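J.: Provided herewith is a single structure, encoded as structure tokens, for subsequent inquiry.
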Protein chains: 2
Amino acid sequence: MTYRSPVSDILFSLKAVAGLPELIAGKLDGDFDWDTLASVISEAGRFATEEIAPLNRTADTVGAAYENGAVTTPPGFADAYRRWAEAGWGGVSAPAEFGGMGLPHLVNVACTEIWNGASMAFALCPLLTEGAIGALKTYGARELLDRYLEPMIAGRWTGTMNLTEPQAGSDLNAVRTRAERADDGAYRLFGQKIFITYGEHDMAENIVHLVLARLPGAPAGTRGLSLFLAPKFLVDADGTLGARNDVRCGSIEHKLGIHGSPTCVMIFGENEGAKAWLVGEENRGLAAMFVMMNAARLAVGTQGVAIAERAYQQALEYARERRQGRSGKGGDGMAPIIEHPDVQRMLMTMKGYVHAARGICHLTAAALDLASHGRTEEERTEAANRAALLTPIAKAFSTDLGDEAASLGVQVHGGMGFIEQTGAAQHMRDSRIAAIYEGANGIHGIDLALRKLPLAGGATVRNQINWIYDVARAVSESGGGAFGATAGRLSEAAEALDGATREMQKWLASDSESALAGASSYLRLFGLTLGAACLAKAGLAGEALAADGDASELPRVALARFYAEKLLPVAPGLARSIVSGAAPLSAYEAVLADAI
Amino acid sequence: MTYRSPVSDILFSLKAVAGLPELIAGKLDGDFDWDTLASVISEAGRFATEEIAPLNRTADTVGAAYENGAVTTPPGFADAYRRWAEAGWGGVSAPAEFGGMGLPHLVNVACTEIWNGASMAFALCPLLTEGAIGALKTYGARELLDRYLEPMIAGRWTGTMNLTEPQAGSDLNAVRTRAERADDGAYRLFGQKIFITYGEHDMAENIVHLVLARLPGAPAGTRGLSLFLAPKFLVDADGTLGARNDVRCGSIEHKLGIHGSPTCVMIFGENEGAKAWLVGEENRGLAAMFVMMNAARLAVGTQGVAIAERAYQQALEYARERRQGRSGKGGDGMAPIIEHPDVQRMLMTMKGYVHAARGICHLTAAALDLASHGRTEEERTEAANRAALLTPIAKAFSTDLGDEAASLGVQVHGGMGFIEQTGAAQHMRDSRIAAIYEGANGIHGIDLALRKLPLAGGATVRNQINWIYDVARAVSESGGGAFGATAGRLSEAAEALDGATREMQKWLASDSESALAGASSYLRLFGLTLGAACLAKAGLAGEALAADGDASELPRVALARFYAEKLLPVAPGLARSIVSGAAPLSAYEAVLADAI
């Protein structure tokens, strides 16, 4: 199939949903200009469409290969990565001081979607590098920044996150990798990490590992974790590469999807110990790691959007070409299957999912931009809280929708969808990891419920719900007839979310088991409703353009209506399910007592 | 993992949900005895657990292999199949006249679940053979029956269904394979069929292909299709195998899942034509094929149940062993993840899905039994209509739940779920075909809406909805407090289904586009609600047993409650989405106009 980066849709969402032009015109410090930003995104789209997307099928069939500690990436990856880096794409969001472009988060999230839509397996390498740059930039000593940041931003070196160990997945309390202070002022690392994305590969000159480890005598639990930087090749003071460090890749995993992305077992300190430098303070590693993880969470949510878009494009192309049965339109021959209402339903659902999740990711990035560059302290704090609230929704809701869209994509293809050569199944396999890594989605539900609802005494979530009510009111007051029942459905969903939120907040003080039992459904309800509001906002923008004589964006109204009338009506039922609390789970031991 | 066939759960559902003991005691002709039937099912469970289930992982990693027209099945399949056939398992539902056991459909559906839970790739071979036996038995001339049925029922020969061609998937109007009358009274077939399950393999002495083809001068469309029998090896009058027929396997597909099951391209008539015999009358092939397809549809629904059960068992085992984080129960070390409410939610959802879908498949089989063996014509007709109504729900709802449960199973495993060695991903890959083959699920929605709702002037669907109301009333009147809000949620869901049904029936006369637009959601609503009623019925039976002093089945009440309070509350929202009709799809051309 022919995949094209959805540049115009992304630009429309940045304008109509996230309000980027207003942000750069008035609210963000910095000298940005919409046309320049738009041309950066368009050029990213061109590069991804032409240079990366064609590699994605082979990346799946050939995959990454391991031999004697070395990892060979799929055909074309190393070349494409070199050109990608040379074009400066590693520096979109990085500070200009170290060679980056220093562009807003909104532009970065747009590019992240573009790379991942072209090839999720390819894009994971820059995704991890970006996270490592973020953590270093925030917590690294000047000396580390000077030595590592420029080549990482230039894409000559890549970065990794080393958290997980066999006994420590989502629970970092259990991390055992140990660090020892050495006479030379550096440290030595000993331990094994698993699930390390691009822990070893042949695409860059050096690999910079950020590693969570424990110093001797450190407190138990996460408060005894420190973050270290351990490069694959040691770096001299002048930046030239020296000896190989005592870290190697022991094997790579055989996975359901993203075959092109090597998932490595990394072994630190088989001999004298992996030479490493502290990032930030001792025993404060978790804070630094959270900088990486938060950025990565939004990026992973964006992967959900990207894969849903790619699956949608492929299904749409198939549905236009494949002929089966007769449609209601009459005619003699077989009709393209897109003329069958159930196929329309699947494609519209996929498209609705893409645009809803994209809108939520854009809202999150807009909040991050305001949090960094807002004009007042109050504005920045409020925006930081909003970003914190939205991040788990952007991550978990978008990746769930990515899975659902990719599965619908298979279904649209019928029997051909199950055949690997078709490529639809690859999207489903690739997509499936996104709901798991960077915190399994259930953990983001808990994060939303326990840590984000109380932000600013509840004002953060209240403001976000009010924003949804405002969109519903705007549709009701100024939306045209093509919106159908959008305003009504959106108000009802907002009320359902409102009620569920109050119940959850009550439980936080008195009945945390009920809050935990409802957390995943609550996140779903929030995402579903917020996504509908994003679509409605885009629809209103389409109508406003039409009033000015440009009707090209009017179909966004119909998409908002479809979503509101066909997908959103389950919102009150989700709220009802949430408010039933933990009682329906209370007998779980008896219900799950035996496997038979 | 250790998989065990869920024999006791299956027996409980046959009793409590489908009422098999009452059926054999009073309503079915035939000399059946519950203890004998139960021991058949138990023995099937033992065989599947010990002999088939251990082959399932290797079947996935090694897969079926093709070379020069021959197909090698995975290690152990041929041996296990021989033992399976020798034990008589090919004859569970087959007529005693030809060596079968002639047991009720309910016993057969139980066994079908058992084989598929052990290995879906393995069980597909008998599943197709059973369909071929059914079509032959119903439509085949005596001479064909005498020559073919006994070895097929004995499992020495297997059967296939040859419908699909590259241009004819769900739409059989487009079938092009042609048949010619030959001087010897037989026919010759020429054409190519695709997606032929077990079209070629090394597990049996002969393969009996049932093939849809067109005779010269036959009418266009499906009314010009005839059904033929074409064996791999020609069969002499005394039953001995003769020359190889002019049919061969051209290749097998590389698929997302069920790697152990060869999916063949079959080429008929490269030389003198594949020698074939007519099954039924000329140009009446579709009716015969529907006999196979209807049986296969219930069997495929049962695959959904089976794979959900297997995924559930594996996730449960992992959740008990894997330790991460602390639970609300306190304690020092890490808790098994089953103590986390969100993991309980996932496991309870999986178990609820298994039992709901199993109940629906059992209700369908009970209707088939009454349709075949009811005492009165009226009873048989009513039951046949009920079976016709329930079959699309059993097929599509169960297979959708199979996918959802398998995906939840991956999620419970966290990162390990994405690693192929874990095996959780295999269930997700295997499961995915079931919503596609034997009619993609969207087609079953259409079948339910357009062809099944009008049955008996609407009385069939009305009776089924009344059955749900009756269960809700029984819970309300005699259920204990452990049912929580089950009665209320179930009544509301039944009302939602009732309302949506009336709207759909109205549309059938006036607005078929709206009926088509809502068909998939309507099927989902029906399945969700009917499944809740099945669980509630099982819960009531558990309470009745407890009143007699046996409390072992009481947890079924808590499962019914969980499903009713946590999963069922979206029912009114689904109904609301359905009644919005086709209007939200009307602008689909504009919305889907470009891929960008």
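J.: Which of (1) within 14 Å of another protein chain (Cβ to nearest Cβ); (2) within 15 Å of the chain's Cα centre (by Cα); (3) farther than 22 Å from A:LEU559 by Cα is the odd one out, the single condition A:THR399 does not satisfy?
T.: For A:THR399, the exception is condition (3).
J.: Also, I was wondering about something else. Among the residues in segment A:391-400, are any closer than 30 Å to B:SER170 by Cα, touching a helix residue (DSSP H, G or I) at 6+ places or on another chain (Cβ under 9 Å) and assigned to a helix (DSSP H, G or I)?
T.: yes
J.: Within the bounds of segment A:10-20, is there any residue that is more than 14 Å from chain B (Cβ to nearest Cβ), modelled with pLDDT of 95 or more and surrounded by fewer than 17 Cβ atoms within 10 Å (Cβ to Cβ)?
T.: Among the residues of segment A:10-20, not one is more than 14 Å from chain B (Cβ to nearest Cβ), modelled with pLDDT of 95 or more and surrounded by fewer than 17 Cβ atoms within 10 Å (Cβ to Cβ), which makes the answer no.
J.: Wholly within segment A:167-237, which strands (runs of 3 or more DSSP E) include no fewer than the required count, namely at least 1 residues that are open to solvent by 10 Å² or more (accessible area, probe 1.4 Å) and modelled with pLDDT under 95?
T.: The strands (runs of 3 or more DSSP E) meeting that bar number zero.
J.: Exactly one of these conditions fails for B:LYS506: (1) within 11 Å of chain A (Cβ to nearest Cβ); (2) among the basic types (Lys, Arg); (3) free of Cβ contacts under 8 Å to residues at least 24 places away in the same chain. Give me its number.
T.: (1)
J.: Now for a different question. Quick one: A:ASP594 ticks every box in (1) outside any loop (DSSP other than H, G, I, E, B); (2) more than 7 Å from every other protein chain (Cβ to nearest Cβ); (3) among the acidic types (Asp, Glu) except a single one, so which number is it?
T.: (1)
J.: Moving to a separate point now. If I filter segment B:407-418 for residues that are more than 10 Å from chain A (Cβ to nearest Cβ), touching a helix residue (DSSP H, G or I) at 6+ places or on another chain (Cβ under 6 Å) and open to solvent by less than 10 Å² (accessible area, probe 1.4 Å), do I get at least one hit?
T.: Checked segment B:407-418: at least one residue is more than 10 Å from chain A (Cβ to nearest Cβ), touching a helix residue (DSSP H, G or I) at 6+ places or on another chain (Cβ under 6 Å) and open to solvent by less than 10 Å² (accessible area, probe 1.4 Å).
J.: A further question follows. Given the criteria in a loop (DSSP other than H, G, I, E, B), more than 14 Å from every other protein chain (Cβ to nearest Cβ) and buried (at least 18 other Cβ atoms within 10 Å of the Cβ), does A:GLY30 qualify?
T.: no
J.: If B:TYR563 passes every condition in (1) within 9 Å of chain A (Cβ to nearest Cβ); (2) under 23 Å from the mean Cα position of the chain (by Cα); (3) open to solvent by 10 Å² or more (accessible area, probe 1.4 Å) but one, which one does it miss?
T.: (3)
J.: Go through (1) closer than 21 Å to A:THR399 by Cβ; (2) within 14 Å of chain B (Cβ to nearest Cβ); (3) open to solvent by 10 Å² or more (accessible area, probe 1.4 Å); (4) not in a loop (DSSP other than H, G, I, E, B) for A:ALA121 and report which single condition fails.
T.: (3) is the only condition that A:ALA121 fails.
J.: Another question about this same structure. Does at least one position in segment B:582-589 carry a residue that is of a type outside the set (Val, Ile, Thr), outside any loop (DSSP other than H, G, I, E, B), open to solvent by 40 Å² or more (accessible area, probe 1.4 Å) and more than 7 Å from chain A (Cβ to nearest Cβ)?
T.: Yes, some residue in segment B:582-589 is of a type outside the set (Val, Ile, Thr), outside any loop (DSSP other than H, G, I, E, B), open to solvent by 40 Å² or more (accessible area, probe 1.4 Å) and more than 7 Å from chain A (Cβ to nearest Cβ).
J.: Which residues, counting only those in segment B:238-263, are away from chain A (no Cβ under 13 Å) and open to solvent by less than 70 Å² (accessible area, probe 1.4 Å)?
T.: Within segment B:238-263, B:GLY239, B:THR240, B:LEU241, B:GLY242, B:ALA243, B:ASN245, B:ASP246, B:VAL247, B:CYS249, B:GLY250, B:GLY260, B:PRO262 meet the criteria.
J.: For the condition farther than 14 Å from A:SER5 by Cβ, without any contact (Cβ under 8 Å) to a residue 40 or more places away in the chain, open to solvent by 10 Å² or more (accessible area, probe 1.4 Å) and of a type in the set (Gly, Ala, Ser), what is the one hit in A:GLY76, A:GLY90, A:GLY69?
T.: So the residue among A:GLY76, A:GLY90, A:GLY69 that is farther than 14 Å from A:SER5 by Cβ, without any contact (Cβ under 8 Å) to a residue 40 or more places away in the chain, open to solvent by 10 Å² or more (accessible area, probe 1.4 Å) and of a type in the set (Gly, Ala, Ser) is A:GLY76.
J.: So in segment A:368-390, with the set limited to residues that are of a type outside the set (Gly, Ala, Ser) and open to solvent by less than 10 Å² (accessible area, probe 1.4 Å), which one is nearest to B:GLU404 (Cα to Cα)?
T.: A:LEU390
J.: Taking B:GLU553 as meeting all but one of (1) more than 8 Å from chain A (Cβ to nearest Cβ); (2) closer than 17 Å to A:TYR588 by Cβ; (3) crowded, with 24+ Cβ neighbours inside 10 Å, write down the number of the exception.
T.: Condition (3) is where B:GLU553 drops out.
J.: Could you list, in sequence order, all residues of segment B:509-525 that are open to solvent by 50 Å² or more (accessible area, probe 1.4 Å) and aliphatic (A, V, I, L, M)?
T.: B:ALA509
J.: Follow-up. Looking at the structure I just gave you, is B:GLU113 of a type in the set (D, E, K, R), open to solvent by less than 20 Å² (accessible area, probe 1.4 Å) and in a helix (DSSP H, G or I)?
T.: yes
J.: Here's something else I'd like to know. Looking at segment A:1-22 only, could you name the residues that are outside any helix (DSSP H, G or I) and under 15 Å from A:LEU37 (Cβ atoms)?
T.: A:ALA18, A:GLY19
J.: Another question, then. Of the residues A:ALA365, A:ALA394, which single one is open to solvent by less than 10 Å² (accessible area, probe 1.4 Å), in contact with a Cys (Cβ under 9 Å, 6 or more places away or on another chain) and closer than 27 Å to A:LEU450 by Cβ?
T.: Only one candidate passes the filter, namely A:ALA394.
The values are calculated or read from the model by the stated rules, or taken from the named source; none is laboratory data. No experiment lies behind these values; they were computed from the predicted model shown. All Cβ positions, glycine included, derive from the backbone under ideal geometry; neighbour counts span all protein chains shown. When the accessible area is computed, the model is the full protein with side chains, heavy atoms only, and any ligands, DNA or RNA have been set aside. Shrake-Rupley method; radii C 1.70, N 1.55, O 1.52, S 1.80 Å.
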